[in-house]
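**Student:** Okay, handing you the structure first.
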Amino acid sequence: MAEEITERVESAHVRRVPKYSVFLLLGAAAGIIVALALTFGIPDEGVSTNTGLQYSAGQVFGFIALGAIPVCMAIAGVIALVLDRAARRRTREVRILHERVRTVDDA
């Protein structure tokens, strides 16, 4: 049995990129924390000034979370985009050696 070896060298650009899903999840968590802080940090009886209806703390949290979570996720997404743009400046070129070994039967 003989081996046939072929090699080729290529170049590629390598850079670190942020994981957008992690940033969006952290943004959602920050939105929940903001909603909790606004719900329980502001003293209020939970009575609407427009309709006069009484809302529980859970309902107030839900209303605030509906706005805070998407806003915080958007902010986190923008931060990830800015970090991605900054990473483009630090792109480096590397050389890659491809080696292919094939076994050839002499029979």
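The values are calculated or read from the model by the stated rules, or taken from the named source; none is laboratory data. Because the structure is predicted, anything quoted here is derived from the model rather than measured. Cβ: placed from backbone, ideal geometry, glycine included. Neighbour counts: every protein chain shown. Areas reflect the complete protein model, heavy atoms only, side chains present, ligands, DNA and RNA absent. Shrake-Rupley method; radii C 1.70, N 1.55, O 1.52, S 1.80 Å.
**Student:** For segment 41-56, state whether one or more residues are assigned to a loop (DSSP other than H, G, I, E, B) and under 30 Å from A2 (Cβ atoms). Break it down stepwise before answering.
**Tutor:** Pass one, segment 41-56, residues assigned to a loop (DSSP other than H, G, I, E, B): 42-46, 48-53, 55-56.
So of that shortlist, the ones also under 30 Å from A2 (Cβ atoms) come out as none.
No, that holds for no residue.
**Student:** Could we say that F40 is among the aromatic types (F, W, Y) and open to solvent by less than 60 Å² (accessible area, probe 1.4 Å) here?
**Tutor:** Details: among the aromatic types (F, W, Y): yes; open to solvent by less than 60 Å² (accessible area, probe 1.4 Å): no.
No; evaluated as a whole, the condition is false for this residue.
**Student:** Give the residues of segment 1-35 that are assigned to a strand (DSSP E or B) and either within 23 Å of A87 (Cβ to Cβ) or open to solvent by 90 Å² or more (accessible area, probe 1.4 Å) (or both), sorted by residue number. Can you show your working first?
**Tutor:** The initial filter retains those residues of segment 1-35 that are assigned to a strand (DSSP E or B), namely 2-14.
Those that are assigned to a strand (DSSP E or B) and either within 23 Å of A87 (Cβ to Cβ) or open to solvent by 90 Å² or more (accessible area, probe 1.4 Å) (or both): E3, I5, E7, R8, E10, S11, A12, H13, V14.
**Student:** Here's a check for you: in segment 85-107, which residue that is of a type in the set (G, A, S) and closer than 28 Å to A12 by Cβ is least open to solvent (accessible area, probe 1.4 Å)? Even if it seems obvious, please write down each step before you answer.
**Tutor:** Residues of segment 85-107 that are of a type in the set (G, A, S), as a first pass: 86-87, 107.
Within this subset, residues satisfying the condition of being closer than 28 Å to A12 by Cβ are 86-87.
Working: A86: 28, A87: 13 Å².
Here the answer is A87.
**Student:** So which residues in segment 57-107 are more than 30 Å from E7 (Cα to Cα) and either touching a strand residue (DSSP E or B) at 6+ places or on another chain (Cβ under 6 Å) or outside any helix (DSSP H, G or I) (or both), if there are any at all?
**Tutor:** Within segment 57-107, no residue meets the criteria.
**Student:** If you check every pair at least six apart or on different chains, which have Cβ atoms under 8 Å apart with a residue in segment 49-75 that is at negative phi first and a residue that is open to solvent by 90 Å² or more (accessible area, probe 1.4 Å) second?
**Tutor:** Q54/E45; Y55/F63; A57/F40; V60/D44
**Student:** Inspect all residues belonging to segment 75-84 and state whether any of them is small (G, A, S), out of contact with any Pro (no Cβ under 9 Å at 6 or more places or on another chain), surrounded by 13 or more Cβ atoms within 10 Å (Cβ to Cβ) and under 24 Å from F23 (Cβ atoms). Let's see the steps before the verdict.
**Tutor:** Our first condition is that a residue be small (G, A, S); within segment 75-84, this holds for 76-77, 80.
If we keep only those that are out of contact with any Pro (no Cβ under 9 Å at 6 or more places or on another chain) as well, we get 76-77.
Those left that are additionally surrounded by 13 or more Cβ atoms within 10 Å (Cβ to Cβ): 76-77.
Applying the additional criterion that residues be under 24 Å from F23 (Cβ atoms) yields 76-77.
Scanning segment 75-84, I find at least one residue that is small (G, A, S), out of contact with any Pro (no Cβ under 9 Å at 6 or more places or on another chain), surrounded by 13 or more Cβ atoms within 10 Å (Cβ to Cβ) and under 24 Å from F23 (Cβ atoms), so the answer is yes.
**Student:** How do the pairs read when you match residues in segment 1-22 that are among the small types (G, A, S) with residues anywhere that are surrounded by 10 or more Cβ atoms within 10 Å (Cβ to Cβ), using Cβ under 8 Å and keeping only pairs 6 or more apart or on different chains?
**Tutor:** Once the first residue is among the small types (G, A, S) and sits in segment 1-22, its partners that are surrounded by 10 or more Cβ atoms within 10 Å (Cβ to Cβ) give S11/I96; A12/I96.
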